[in-house]
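One structure is given below, encoded as structure tokens.
Each value in this text was obtained by applying a stated rule to the coordinates, not by laboratory testing. All values reported here derive from a predicted model rather than from experimental measurement. When we count neighbours, we look across all protein chains shown, and the Cβ atoms used for this are built from the backbone with ideal geometry, even at glycine.
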Amino acid sequence: MFFLKELPTRAMLQSYSDRYPGMDAGAVAEALRLLRRASLLMRALEAYFTAHTLSQTRFLILIVIDREPGQGGLMGSEIADRLDISRPVVTETVKAMMRAGLLGSAPVPGDGRAKRITLTPAGRAVLADLLPGYFALIADFMAREGDGTA
């Protein structure tokens with residue numbers, strides 16, 4: 001999260017640029033604006049997920065499995081590789097999602113110990129219920145780009 005509510009003025013950034021050679025005031029201003037907007041969007045998404053008794057991590061796990069339907073699920077390591085989340089957190093979250101009935105597992109042919117993590121019908125239903133509002137939230141947020149409310 002980016003916690004700075006009021007971004008520095010152009011004059012303040014220019015004063016830093018004058019003191020620190022190589023500092024591009026315009027680039028810093030744009031980066032700070034992007035960080036602030038991304039933080040606001042993340043907060044809105046977190047509130048949306050919470051209202052649906054889900055976390056961002058659980059949502060992302062559902063999405064990465066769902067977006068590759070031809071593979072018949074993903075190995076736990078493949079899920080972790082697709083997310084910027086530590087492997088232990090992914091492992092524990094997958095286990096919890098399996099206990100909650102959102103994920104299941106399927107054996108990997110030729111490897112008696114390996115399992116592919118799959119979406120259960122309940123997991124698919126949760127994702128199907130969540131995605132329309134998720135996409136609407138993002139569309140609404142992006143539509144507010146120029147009006148200063150996002």
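Derived from the Cα gyration tensor, the three semi-axes of the equivalent ellipsoid of the chain are 40, 19, 12 Å, largest first. Counting only chymotrypsin sites (Phe, Trp or Tyr not before Pro) that DSSP places in a loop and that have at most 16 other Cβ atoms within 10 Å, the longest clean stretch of the chain runs over 4-150.
The trypsin sites (Lys or Arg not before Pro) of the range 57-150 that meet both conditions, a loop assignment by DSSP and at most 16 other Cβ atoms within 10 Å of the site Cβ, are Arg67, Arg144. In the chain the longest region clear of GluC sites (Glu not before Pro) that are loop-assigned by DSSP and have at most 16 other C-beta atoms within 10 Å covers 7-144. Kindly express, to the nearest 10 degrees and within the range 0 to 90, the angle between helix 87-99's C-alpha long axis and the longest C-alpha principal axis of the chain. Relative to the chain, helix 87-99 is tipped by roughly 50 degrees. Among Ile117, Ile85, Ile65, the largest mean-square fluctuation in a Gaussian network model of the chain (Cα springs under 10 Å) belongs to Ile85.
Estimated from helical segments only, the mean residue ellipticity of the chain at 222 nm is -20000 deg cm²/dmol, where each DSSP H run of four or more residues counts as -39500 (n - 2.57).
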